[in-house]
Structure formats: structure tokens, C-alpha cells
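Everything below concerns the one structure shown next.
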Amino acid sequence: LHMKDSDVVIMCTGSQGEPTSILGRLSRGTHRVFDVKNGDTIVLSSHPIPGNEENVYGTINRLLERGANVIYEAIAPVHVSGHASQEEMKLLLHLTQPEYFIPIHGELRQLKQHARLARQIGIPEENIAVILNGQRVELSHGGMRMAEKVPASYVYVDGSWVGDVRDAVMHDRELLSEEGLMIVNLTMDKYTDRPKKEPDFITRGFIAQQDGNELMTGLKARVMSVADRANGHLQQDVEQAVSNYLYRETRRKPMVLVNIIKS
């Protein structure tokens, strides 16, 4: 830039610790044009969005490691909300003088309060609509009215599939991520309907098999006991028995899949 460092101010992206943002790349020393030098001052005029704390503070730590002086909300009053205050909302309504008013962006409590502000500055009640997702509003020379609702539920994107992910699939994925998976392979004699050998177990995300030998020994005995008393609902009975046993012993509820092999 051919300027003294003390004369340069750079405004850039990355206030939420985004890895590919300019600030994120500066913190890693991977930006192609600029770099952070010892003694530079960096101000994050932002508040970490819930869930972004790890990224934000990771960026701050990397900048500090590179010798920068980092100023952020926790140590200095450098942040103000990106959302308008009530008086700012009223000012905008005064300036624009809308004939109809439909507040958007926020929870219902916030939409209701925004509508209350509109009434305070003189917009008629009948020209204000607080609506939720899917609610259609028709505007015509005769005024504003509520129309038929349209479907507006969540649409999940899963790879190349759009909207085909069912709630049951999401529930299974949540269970797998939190509790893990237990697969029970049980071989039954097709003539006697009794176990031919002890069951095999495969676990994923639940417990390492070498760490759960005692648990698995007790589980095998429980499965064999249920299999010996099979009464036509073997798969469901084994699944329930395994789930109950694991919860009693570990206070965890992994997904249990039972595979019955007849031979």
C-alpha cells in the first residue's frame, strides 16, 4: 500500500470466526495480500452468535499468537447490536409512512411488539398483519386480508436429495450420534428354533469391545436366555432385552439392531 502501518485501517469479514473469511485467513497467515504483524491492533466489533464461540475465540487466540493486540466485546465496549432499537424502528416507520405493515424476522413475541410500535405511530389496526410461516396475505384496492395458508415446513437437503428426509430418519441419525449403535447377530437352528451358538455383537460409537468384555459377557447370557424362550417374537424380544440390559448397566440407550440368521 506504500503507507505507514499507523495510517492504515482495514475493515474485513470474519467477525464470527468463519474459517474462509479474511480475518480467519489472516489469523492463519494464509491471506495472499495482507499479514498480521507484531503490534497490529485488531478490533472485533461483534458478539459471538451462540454456537460460534469456538470459532471466534480460536481466531482470537491465533491472532494473539501472531503478536496482535486483539480487542473484543468481553474486554471492551466495542459491540452494539446489529438489530434496530424500538426508537429506531419508530423513526423508520415515521420516515416511510407505510400504508400496510407486516413485521418479519423474529420470534412471535418480537413480531407482536413491532406491530404494537406501528400502531403507536398511527398505522390502522386493520392494516397491520402479524403472520407466521406459510400464511398468505392478499393486498388489493379493497385492503389487506388473510388468504389460504401454504405448506411451509422445514425442507431437509441431504446430498442430492431435497425434501425426502423423513422425521424418522432424522431421529435415527440423532440417536446414532448421541448414543451409538449395537448390532446383535444371532444364529438360530431352523429346525429346533433354538440358538446354535452364542450371539456376536458389533458396536459403533457405543463402547469399544475390548473395553466392555464384562458387559458383553452378561449381555450374551441375557440374549441366550431370551432366545431359549423364543415365542414367535424373537427379534423384538431380543431387541427389548438388549436395550433394557444396556440401559441398566450403562445408563445409555444405543440404537439396537437384531439380525436373526436361520441355519
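The values are calculated or read from the model by the stated rules, or taken from the named source; none is laboratory data. As the structure is a computational prediction, the values presented were derived from the model and not from experiment. Cβ placement follows ideal geometry from the backbone for every residue including glycine, while neighbour counts extend to all protein chains displayed.
May I ask you to list the residues in segment 85-107 that are under 11 Å from residue 130 (Cα atoms), modelled with pLDDT of 95 or more and among the aliphatic types (A, V, I, L, M)?
102
Of all residues being of a type outside the set (D, E, K, R) and part of a loop (DSSP other than H, G, I, E, B) in segment 31-44, which is surrounded by the most Cβ atoms within 10 Å (Cβ to Cβ)? Just the residue, please.
36
Please identify the pairs in which a residue from segment 235-246 that is touching a residue at least 12 places away in the same chain (Cβ under 8 Å) has its Cβ atom under 6 Å from the Cβ atom of a residue that is assigned to a helix (DSSP H, G or I), counting only partners at least 6 apart or on another chain.
Final answer for the pair search is 238/223; 238/226; 241/222; 241/226; 245/219; 245/222.
Only residues that are surrounded by 14 or more Cβ atoms within 10 Å (Cβ to Cβ) and on the phi < 0 side of the Ramachandran plot: list them for segment 1-15, please. Talk me through it step by step, then tell me what you get.
Just the residues of segment 1-15 that are surrounded by 14 or more Cβ atoms within 10 Å (Cβ to Cβ), to begin with: 12, 14-15.
Within segment 1-15, 12, 15 meet the criteria.
So residue 96 clears everything in (1) over 29 Å from the mean Cα position of the chain (by Cα); (2) within 30 Å of residue 2 (Cα to Cα); (3) of a type in the set (Ser, Thr, Tyr) except one condition, right? Which one?
Residue 96 satisfies every listed condition except (2).
From the list 155, 165, 169, which residue is within 23 Å of the chain's Cα centre (by Cα), farther than 26 Å from residue 108 by Cβ and part of a loop (DSSP other than H, G, I, E, B)?
From the options 155, 165, 169, the qualifying one is 165.
Find the residue count for segment 172-188, including only residues that are under 13 Å from residue 255 (Cα atoms) and either outside any helix (DSSP H, G or I) or in contact (Cβ under 8 Å) with a residue 60 or more places away in the chain (or both).
Residues in segment 172-188 being under 13 Å from residue 255 (Cα atoms) and either outside any helix (DSSP H, G or I) or in contact (Cβ under 8 Å) with a residue 60 or more places away in the chain (or both): 9 in total.
Could we say that residue 71 is in a strand (DSSP E or B), more than 28 Å from the chain's Cα centre (by Cα) and surrounded by 13 or more Cβ atoms within 10 Å (Cβ to Cβ) here? Before the answer, list the steps.
Details: in a strand (DSSP E or B): yes; more than 28 Å from the chain's Cα centre (by Cα): yes; surrounded by 13 or more Cβ atoms within 10 Å (Cβ to Cβ): yes.
Yes.
What number of residues within segment 16-30 satisfy the criterion of being outside any helix (DSSP H, G or I) and surrounded by 16 or more Cβ atoms within 10 Å (Cβ to Cβ)?
4
For the condition under 22 Å from the mean Cα position of the chain (by Cα) and surrounded by 11 or more Cβ atoms within 10 Å (Cβ to Cβ), what is the one hit in 55, 61?
Selected residue: 55, the only one of 55, 61 that is under 22 Å from the mean Cα position of the chain (by Cα) and surrounded by 11 or more Cβ atoms within 10 Å (Cβ to Cβ).
Considering only residues of segment 85-119 that are touching a strand residue (DSSP E or B) at 6+ places or on another chain (Cβ under 7 Å) and touching a residue at least 24 places away in the same chain (Cβ under 8 Å), which is surrounded by the fewest Cβ atoms within 10 Å (Cβ to Cβ)?
At the first step, the residues of segment 85-119 found to be touching a strand residue (DSSP E or B) at 6+ places or on another chain (Cβ under 7 Å) are 100-102, 115, 118-119.
In the following step, the residues that additionally are touching a residue at least 24 places away in the same chain (Cβ under 8 Å) were identified as 100-102, 118.
Values: 100: 15, 101: 20, 102: 18, 118: 22.
Checked segment 85-119; the qualifying residue surrounded by the fewest Cβ atoms within 10 Å (Cβ to Cβ) is 100.
Tell me which residues, restricted to segment 17-62, are without any contact (Cβ under 8 Å) to a residue 24 or more places away in the chain and in contact with a His (Cβ under 9 Å, 6 or more places away or on another chain).
Selection gives 22, 25.
Every residue, every condition in (1) more than 34 Å from the chain's Cα centre (by Cα); (2) among the aliphatic types (A, V, I, L, M); (3) under 30 Å from residue 88 (Cβ atoms), yes or no:
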{"position": "128", "(1), (2), (3)": "no, yes, yes"}
{"position": "150", "(1), (2), (3)": "no, yes, no"}
{"position": "204", "(1), (2), (3)": "no, no, no"}
{"position": "225", "(1), (2), (3)": "yes, no, no"}
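I'd like the full set of residues that are under 22 Å from residue 260 (Cβ atoms) and of a type in the set (Asp, Glu), limited to segment 156-192.
Scanning segment 156-192 gives 172, 189.
Return the residues of segment 176-214 that are closer than 16 Å to residue 247 by Cβ, aliphatic (A, V, I, L, M) and modelled with pLDDT of 90 or more; say none if nothing qualifies.
181, 182, 184
With the structure loaded, tell me whether residue 130 is among the aliphatic types (A, V, I, L, M), under 30 Å from residue 205 (Cα atoms) and either exposed (fewer than 13 other Cβ atoms within 10 Å of the Cβ) or not assigned by TED's automatic domain parsing to the domain that holds residue 255 (or both) or whether it fails that test. Steps first, please.
Details: among the aliphatic types (A, V, I, L, M): yes; under 30 Å from residue 205 (Cα atoms): no; either exposed (fewer than 13 other Cβ atoms within 10 Å of the Cβ) or not assigned by TED's automatic domain parsing to the domain that holds residue 255 (or both): yes.
Taking the combined requirement at face value, the residue does not satisfy it.
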